1. Quick one: in segment 63-93, which of the residues that are in contact (Cβ under 8 Å) with a residue 24 or more places away in the chain and over 22 Å from the mean Cα position of the chain (by Cα) is farthest from GLU36 (Cα to Cα)?
2. Does LYS134 count as open to solvent by less than 30 Å² (accessible area, probe 1.4 Å) and more than 18 Å from VAL189 (Cβ to Cβ)?
3. Residues that are hydroxyl-bearing (Ser, Thr, Tyr), modelled with pLDDT under 95 and open to solvent by 40 Å² or more (accessible area, probe 1.4 Å): find the helices (runs of 4 or more DSSP H) completely inside segment 31-96 holding 1 or more of those.
4. Residues SER157, SER126, SER175: which one is buried (at least 22 other Cβ atoms within 10 Å of the Cβ), assigned to a loop (DSSP other than H, G, I, E, B) and not β-branched (Val, Ile, Thr)?
5. Answer with yes or no whether GLN186 is within 18 Å of ASN43 (Cβ to Cβ) and more than 13 Å from the chain's Cα centre (by Cα).
6. Residues in segment 140-147: is at least one open to solvent by 10 Å² or more (accessible area, probe 1.4 Å), hydroxyl-bearing (Ser, Thr, Tyr) and under 17 Å from VAL116 (Cβ atoms)?
7. For segment 6-14, does any single residue satisfy the condition of being touching a helix residue (DSSP H, G or I) at 6+ places or on another chain (Cβ under 9 Å), of a type outside the set (Asp, Glu) and modelled with pLDDT of 95 or more?
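The values are calculated or read from the model by the stated rules, or taken from the named source; none is laboratory data. From a predicted model like this one, the values you see are computed outputs, not experimental measurements. Here Cβ is always computed from backbone atoms with ideal geometry, including for glycine, and neighbour counts include all displayed protein chains. What goes into the accessible areas is simple: the full protein's heavy atoms, side chains included, and nothing from ligands, DNA or RNA. Shrake-Rupley method; radii C 1.70, N 1.55, O 1.52, S 1.80 Å.
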Amino acid sequence: MARIMAGAPVQRVTHTVVDATPKQLEIPFTKIIEEEAVFKAINELRKMPNYYSAKIKEEGKFRDDNPAVQVTPDGERRWHEGKPAFDDAILYLKCAPAVAELTLSKELSQSAADLVKHIGPKGLNSDVLADGTKPLARFERYGRFSGAITEIIIYASQSARDCVMKCCICDGDDSRSDRSTILDSQYKVCGVAVGPHKVMGNVISIILAGGFTPKTSAAQSVPAAGSAAAAASSNTSSGDIDYNVNKPETRFEETDTGVYQLTIVGLVILLQM
């Protein structure tokens, strides 16, 4: 997730990866996930967190001898944590208050689509475009954001609702940041893009912002003291990640044992599925 505040330091991007074994990729992606369905599911969650708590509880059946293996009507599904992450999400959503629905932004959806079209065919795990465009610059290609802006990237979803449930479960992420982000009332607008992914089956980008003014409208207004990009850059401290620094792309690669690994310029992180 990339989270950027207008006039604040730029922060690191992280991605959650689940469901990467070949057997799981053969079946779940026969149906096309519609972007509008993902958007509706996000608003469904924001309106009725309790409903998603019940849905996750309903689907949270795991093997007695392995709490990381979910038992579904279509077979078994392997997670990093599994049952502990499901139980945590059930409790969180049961107590979470409803928040206002989001408005769909075609400009933010286009920004999300730019990323999906780049990383999907190559099987990448990245937030940077082929031409080196970083997230902040990609967001601002189509207009100007206000407040905060954030991007959640989800892989290997079986449906729109499954994508949103993954955001809530945050399997393998101790901070559970996607869950708190997607239910954050400071976000008012949303962009969504869905596309095929060479390794993970599919990839979904969700961009949330406090506000977004399309470029044609933004051009008519006079910026206060530089763009949001300049504000973010000028406030970046040595402890923050600056998107102007080149960052290598990462790829999912299958090992001989069927485990996928995330390779980052010589650094190899094994993803045990």
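1. Filtering segment 63-93 for residues that are in contact (Cβ under 8 Å) with a residue 24 or more places away in the chain and over 22 Å from the mean Cα position of the chain (by Cα), the one farthest from GLU36 (Cα to Cα) comes out as GLY75.
2. So LYS134 passes the test.
3. Helices (runs of 4 or more DSSP H) meeting the threshold: none at all.
4. Sole residue among the options that is buried (at least 22 other Cβ atoms within 10 Å of the Cβ), assigned to a loop (DSSP other than H, G, I, E, B) and not β-branched (Val, Ile, Thr): SER157.
5. Judged against the criteria, GLN186 is a match.
6. yes
7. no
Each row is one residue, and each column tells you yes or no for (1) at pLDDT below 95; (2) in a loop (DSSP other than H, G, I, E, B); (3) surrounded by 14 or more Cβ atoms within 10 Å (Cβ to Cβ); (4) of a type outside the set (A, V, I, L, M, F, W, C).
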{"position": "VAL199", "(1), (2), (3), (4)": "yes, yes, yes, no"}
{"position": "GLY211", "(1), (2), (3), (4)": "no, no, yes, yes"}
{"position": "SER221", "(1), (2), (3), (4)": "yes, yes, no, yes"}
{"position": "ALA225", "(1), (2), (3), (4)": "yes, yes, no, no"}
{"position": "ALA231", "(1), (2), (3), (4)": "yes, no, yes, no"}
{"position": "SER238", "(1), (2), (3), (4)": "yes, yes, no, yes"}
{"position": "TYR243", "(1), (2), (3), (4)": "yes, yes, yes, yes"}
{"position": "GLU249", "(1), (2), (3), (4)": "yes, yes, yes, yes"}
{"position": "GLY258", "(1), (2), (3), (4)": "yes, yes, no, yes"}
